[in-house]
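Have a look at the structure below before the remarks.
The values are calculated or read from the model by the stated rules, or taken from the named source; none is laboratory data. Please read these numbers as outputs of a predicted model, since none were measured by experiment. Neighbour counts run over all protein chains shown; Cβ positions are idealised from the backbone, glycine included.
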Amino acid sequence: MTNDWLIDVLADLRAFAHKNDYVDLAAQLDRTSQIAWSELLEQENGTRQREAGAWAEWNAAAARRHH
């Protein structure tokens with residue numbers, strides 16, 4: 001994806017929110033990340049990708065980047 005930076009920024013914000021116990025913000029950023037992931041994939045593939053598997057894949061990749 002050419003706009004991976006967006007996913008990285010959202011992951012950084014989400015990690016910050018979790019670390020600082022901003023529970024509502026962290027939850028919103030989780031949802032925002034799902035939407036961003038889906039829309040980026042849609043642009044790339046031309047299809048909607050809101051399946052749990054796609055989100056799980058992104059979540060695992062984000063966790064690897066931040067550990």
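Restricting attention to segment 1-31, and to residues there that are within 22 Å of Glu42 (Cβ to Cβ) and part of a loop (DSSP other than H, G, I, E, B), which single residue is modelled with the highest pLDDT?
Looking at residues that are within 22 Å of Glu42 (Cβ to Cβ) and part of a loop (DSSP other than H, G, I, E, B), I get Asn3.
Kindly provide the set of residues from segment 13-31 that are farther than 17 Å from Ala56 by Cβ and in contact (Cβ under 8 Å) with a residue 24 or more places away in the chain, ordered by number.
Matches in segment 13-31: Ala15 only.
Just give me the residues in segment 37-55 being at pLDDT 85 or above and touching a helix residue (DSSP H, G or I) at 6+ places or on another chain (Cβ under 6 Å), in sequence order.
Trp37 - this is the single residue of segment 37-55 that is at pLDDT 85 or above and touching a helix residue (DSSP H, G or I) at 6+ places or on another chain (Cβ under 6 Å).
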